[in-house]
Structures are given as structure tokens and as C-alpha cells.
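Visitor: Here you go, one structure.
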Amino acid sequence: MNDRDHDLPPELERRWREWAETEPSLDEQQLKQNLMARIPDRTSPSRRQLVLVAAAASILAVLIGFETTRQSPGPAVVEESTVIHETGANVILVLREGSEPIYVATESSSTNIGVK
Amino acid sequence: MRLVRRAVEGDREAFSDLAVAHWRRLLALARSIVADLEAEDVVQDGLIKAWKKIGSLRKAESFSAWLTRIVANTAVARARRRRVFQPINGAEVMAPGRTMDDRIDVQRLLVKLAPRQRAVLHLTAIEGLSDREIAEVLGITSSSVRVHRLRGRRRLSELAGRGGTDERS
């Protein structure tokens, strides 16, 4: 491919250059004003977004904390009317509806939990 | 480079200053690709697109080529969509009785070229870019640049040689 064989005629190139570089109707100041009016300000929104993100994170943290507390393991429920608490290293407390609390000694802390 | 970095961080004052610095060069490119009347509009559209995408600019030193690419692609898309390249005046291009050089009407000749050929010829003849630079700006390969330039030059030479008329169109 020989580019030299297909150079633009010099006069065409000269006219093309002149035409392409014709004075624009908008000067630089007008262009700047146009742009400032048309392009959105990205600085302020991002600050606002940061505030929103921080607020959302705070709400999320509160919700997670609430849910964690709500779902934290409570006493083991064996029957609807029976609740067993681990009260010490080798002692469990059995609460039954309509009866006195019973402390039961166990060999280890978890072995007999849940056994009536 | 400082202005570019500020613009990337979202400083629109810095971006506007950059746009002003590139305005005439981009406008000349757009003029070669679309009709004169639309060129300023195309460049401003391109600048707004560039503003929206500037956060993705990785290298500050690539800003000029990156911006040129956005404006060139905007202009090529506009030229393809309209499919009409309207000279701003309807003057007779090859009026009889004038010399060949006097009769050259750039707009009337460019209308015979594909938008991509106009862009390649402009970047070659007016901006003096290398094939590799043009390829980077237009997002095409260097061999495509050579093909577009060759075809565009052939076409223009043919048209200029026969006085701007084109029996095929």
C-alpha cells in the first residue's frame, strides 16, 4: 500500500485545514458557561451520598444488633411447660409450670441439658 | 496533568478549563465528520459524555486521546444516524469558469466519504497523528486506519480530479 500515491491534493488539504479551523460561534467563555450549566456537579452529590451511606450503615448496624439480640440463645425449651437453664458448671435448673424449680447436678456442664 | 486529576476527582471547573483548552481542536475534528452546523453541538455532547465517564480514566496523560475518541465517536455516530452531510450554504461547488483550486468545496467533497474515513483523514492531514495514535483515538487497528485513509484519499482524489462531481452517487 503506497500512501504517497494517494496523498490529498495540496490545495484540498489547505482548504480543508482552513475550513476546519473556522472561528466557532461560541467563544471559550461561552463554552465554559454552557458546560457549567449542563454538567452535573459531582462533588456535592458525592458528599450527600456519603452522608446517606453513613446513615444507612448506622441503621443497618442497629437492625443487626437488634436481630442478634432477638435471636441470641435463650434457655433450652424441652416442652412447652418445661425450661432448662444451665446455672453453673455442673448444675442445671429445671423449671416446670405448676411445680417448684429443680436444681439437678450433672457430670459435665452440657451432658444432660434437655433431658427431663 | 493537575487539571486532569482534579477533573477525575469531580471538579467540574477543572473539567471546563480542559474542555476550553481542547475546544477548537475538537471542533475542527467534528466539522470534518459532521455538518458544520452540528459540529459545536456534537463537541458539547461529547464533552458531557466525557464528564460522565471521567471517573473511569486511568491515566491522566491519556486524557487528550481519550477525549478525542469520545468526541470522534459521538461525531461518527451522529453522521451515520443522519446520513446527510449538509453544507451550510448551498453554493455551487464547481461553478464553471473558475480555476480548479478555487472550486474546491471541502464540505461537498467530504459528503462523499464514510464518516470514519473523514475522521481518519482529518486526524492524518490536519492533526498530523501517526497511524498508531489514530488507531488509539478511534479505537480501531492501525491497519484499519491505513485502509480508511487509502480509500478516503482515493475517493477525494477522484472527486477533485473530475471537479467534485460523482456519477456514482
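Visitor: Quick check, is B:Q107 within 17 Å of A:E13 (Cα to Cα) and modelled with pLDDT under 95?
Guide: In short, yes.
Visitor: Identify all residues within the stretch A:28-54 that are facing another protein chain (nearest Cβ under 9 Å), surrounded by fewer than 17 Cβ atoms within 10 Å (Cβ to Cβ) and either on the phi > 0 side of the Ramachandran plot or at pLDDT 80 or above (or both); write none if there are none.
Guide: Correct list: A:E28, A:Q29, A:Q33, A:M36, A:R38.
Visitor: Under 7 Å between Cβ atoms, at least 6 apart or on separate chains: pull out the pairs that start in the stretch A:4-17 with a residue that is within 7 Å of another protein chain (Cβ to nearest Cβ) and modelled with pLDDT of 75 or more and end on any residue that is loosely packed, with under 15 Cβ neighbours inside 10 Å and assigned to a helix (DSSP H, G or I).
Guide: Going by the 7 Å Cβ cut-off, the qualifying pairs are A:E11/B:D101.
Visitor: Have a look at B:V42, B:V71 and point out the one that is more than 10 Å from chain A (Cβ to nearest Cβ) and either surrounded by fewer than 18 Cβ atoms within 10 Å (Cβ to Cβ) or in contact with a Ser or Thr (Cβ under 7 Å, 6 or more places away or on another chain) (or both). Give the derivation first.
Guide: On the way: B:V71 fails: either surrounded by fewer than 18 Cβ atoms within 10 Å (Cβ to Cβ) or in contact with a Ser or Thr (Cβ under 7 Å, 6 or more places away or on another chain) (or both).
Only one candidate passes the filter, namely B:V42.
The values are calculated or read from the model by the stated rules, or taken from the named source; none is laboratory data. A quick note: this is a predicted structure, and the numbers were derived from the prediction, not measured. Cβ sites come from the backbone with ideal geometry, for glycine too, and all protein chains shown count toward neighbours.
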